Amino acid sequence: MQKILIVEDDADIAAIERDYLELNGYQVETAPDGDSGLERGLSGGFDLILLDLMLPGTDGFTVCRRLREETDVPILMVTARREDIDKIRGLGLGADDYIEKPFSPSVLVARVKAHLARYQRLTGTRRAARPELRAGGLRLNTETRRVYVDDREVELKNKEYELLHFLLAHPDMVFSREELYERIWGLETMGDNATVAVHINRIREKIEADPSHPRYVQTVWGVGYRVRAQ
């Protein structure tokens, strides 16, 4: 049985999330604040973490950053904050997606299922993938999940890695934001494909000498993104 951790200080919301997830066959544990949530998350054993941002004690952003240093399991932010800067910050710290309050419990369950399925596909096929993908000085090792630019290692968050991996595996092919969101996040209509642009910008900041004039991850205006075969 897959195990989910809910880090949420609102007992009513935590109870709704727990009840719907348990009805769908998941084992669920809850933590009422950032400190206990971080401690439980770091203990391991969870397949996915639902993380509120506005938490007593350690805030959700810090919890996300600390968790991502130790684990690559999906982290879904659940937040009442609608400002884009908060979403961008959370995604930049390694969260895989965000769900805005108030939310439909059925949508929450669907998002959880999609991210768990995506993570299982990724981990289940990692060893069967080509051991290395290249484009000029950009090199991605699929077995170690390490990325290098001109032999300098760069650190990518989970979804940044998956997105770059996908584009490198399909050189010169152009994919729209919608296509990339569906393929990487596993959802066709429930998310915000602006998430893709945020991750593309983060990747460029890490691998490009000049992110405003990218050499590797290029924009095809009006269409989408591609990695040029070099």
Counted neighbours (other Cβ, 10 Å), sorted fewest up, put Ile49, Ile85 in the order Ile85, Ile49
How long is the gain from Ser43 to Val107 if the chain were fully straight, where each residue apart is worth 0.36 nm and the alpha carbon distance is subtracted?
20.2 nm
One point scatterer per Cα, no solvent, Debye formula: log10 I(q)/I(0) for region 3-125 at q = 0.15 Å⁻¹ comes out as -0.60
Strictly greater than 21 Å: what percent of every Cα pair in region 88-188 meets that?
41
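Given +1 on the Cβ of Lys and Arg, -1 on the Cβ of Asp and Glu, and no further charges, what dipole in debye does the chain carry about its Cα centre, rounded to the nearest 20?
1080
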Only Lys, Arg (+1) and Asp, Glu (-1) charged, at Cβ; region 3-125 dipole about Cα centre in debye
520
Nearest-5 percent of antiparallel DSSP beta bridges in the chain?
50
Nitroxide proxy distance, nm - points 7 Å out along Cα→Cβ at Ser176 and Ala117
2.1
At 0.36 nm per residue, and after removing the present C-alpha to C-alpha distance, how many nm does the segment from Ala80 to Glu100 gain when stretched out fully?
6.6 nm
For a paramagnetic label modelled at 7 Å from the Cα of Ala11 toward its Cβ, which residues of region 27-46 fall within the zone defined by backbone nitrogen distances under 15 Å?
30-33
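In deg cm²/dmol and to the nearest 500, what is the mean residue ellipticity at 222 nm of the chain if only DSSP H runs of at least 4 residues count, each as -39500 (n - 2.57), divided by the residue total? It would help to have the intermediate numbers written out before the result.
Details: 8 runs with 98 residues, N = 230.
Taking each H run of at least 4 residues, the total per residue is -13500 deg cm²/dmol.
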Among Gly186, Asn24, Val174 the positive-end extreme of the charge dipole of the chain (Cβ point charges)
Val174
Please give the length that would be gained between Met1 and Trp221 if that part of the chain were fully extended, namely 0.36 nm times their separation in residues minus their C-alpha to C-alpha distance (nm, one decimal).
74.7 nm
Taking the beta-carbon count within 10 Å as an exposure proxy, list Tyr216, Tyr20 from fewest neighbours to most.
Tyr20, Tyr216
Hey, got the dipole for region 132-227? About the Cα centre, +1 on K and R Cβ, -1 on D and E Cβ, debye to the nearest 20?
140
Most positive-pole-ward Cα, Leu133, Thr58, Tyr148, against dipole of region 50-153 from beta carbon charges:
Leu133
In region 43-123, the trypsin sites (Lys or Arg not before Pro) that sit in a DSSP loop and have at most 11 other Cβ atoms within 10 Å of their own Cβ are Arg82
Apply the Debye scattering formula to region 132-227, with a single equal point scatterer on each alpha-carbon and no solvent, then give log10 I(q)/I(0) at q = 0.16, 0.25 Å⁻¹.
-0.61, -1.50
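Each value in this text was obtained by applying a stated rule to the coordinates, not by laboratory testing. Note that the structure is a prediction, hence the values are computed from the model and not measured. A quick note on method: Cβ atoms are made from the backbone with ideal geometry, for glycine too, and the neighbour counts reach across all protein chains shown.
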